[in-house]
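Chemist: Pasting in a structure now, in structure tokens, and then I'll have a few things to ask.
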Amino acid sequence: MTEPMVLDVAEWSRFEIHVDGRLAGFANYRAEPGRITFTHTEVDSMYEGQGLGGKLARFALDDARKRGLAVYPDCPFVRGWIEKHPDYVDLVPAEARPRYGLRESVGGGS
């Protein structure tokens, strides 16, 4: 198995992760000026348990950070991933965090 490849397919409003040239999963989003809302994430059952969802979420959130976008994690998977990696909570605007059950961690780090 080759290293998974993640890319932003903007025309379909989703990040995709490919393994050996095959689509293994995706994270749908809605892009608006200054913000990105993640709506749904899916990993093919054939690839479950390999950490691909996490690689996909990390890539998408790192991309949002590079682009200076506020993140709205309507997708339960992305929201849960941010909960487990509190160094990404700052991407969600402070006023929106209570809606998602997110808060800054004390001491930071993941």
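The values are calculated or read from the model by the stated rules, or taken from the named source; none is laboratory data. Everything numeric in this text was worked out from a predicted model, so none of it was measured. Every residue, glycine as well, gets a Cβ built from its backbone with ideal geometry; the counts of neighbours run over all protein chains shown. Just the protein is used for accessible areas: all its heavy atoms, side chains included, with ligands, DNA and RNA removed. Shrake-Rupley method; radii C 1.70, N 1.55, O 1.52, S 1.80 Å.
Chemist: Restricting attention to the range 27-56, report how many residues are in contact with a Ser or Thr (Cβ under 7 Å, 6 or more places away or on another chain), free of Cβ contacts under 8 Å to residues at least 40 places away in the same chain and surrounded by 13 or more Cβ atoms within 10 Å (Cβ to Cβ).
Modeler: Matching residues across the range 27-56 total 3.
Chemist: Filter the range 80-101 down to the residues that are under 22 Å from Leu56 (Cα atoms) and touching a strand residue (DSSP E or B) at 6+ places or on another chain (Cβ under 7 Å), then identify the one that is surrounded by the most Cβ atoms within 10 Å (Cβ to Cβ).
Modeler: Ile82
Chemist: For Gly68, state whether it is under 29 Å from Thr2 (Cα atoms) and of a type in the set (Gly, Ala, Ser).
Modeler: When the stated conditions are applied, Gly68 does not pass them.
Chemist: Can you tell me which of Val92, Val43 is within 14 Å of the chain's Cα centre (by Cα) and more than 29 Å from Thr2 (Cβ to Cβ)?
Modeler: Val92
Chemist: Would you confirm whether or not the range 51-72 contains a residue that is in contact with a Phe, Trp or Tyr (Cβ under 9 Å, 6 or more places away or on another chain), more than 23 Å from Ser13 (Cβ to Cβ) and of a type outside the set (S, T, N, Q)?
Modeler: no
Chemist: Restrict the check to the range 1-18 and report whether at least one residue is assigned to a loop (DSSP other than H, G, I, E, B) and open to solvent by less than 30 Å² (accessible area, probe 1.4 Å).
Modeler: Yes, the range 1-18 contains at least one residue that is assigned to a loop (DSSP other than H, G, I, E, B) and open to solvent by less than 30 Å² (accessible area, probe 1.4 Å).
Chemist: Same structure, new question: Based on what the data block shows, is Glu104 farther than 17 Å from Ala31 by Cα, modelled with pLDDT of 95 or more and among the acidic types (Asp, Glu)?
Modeler: Taking the combined requirement at face value, the residue does not satisfy it.
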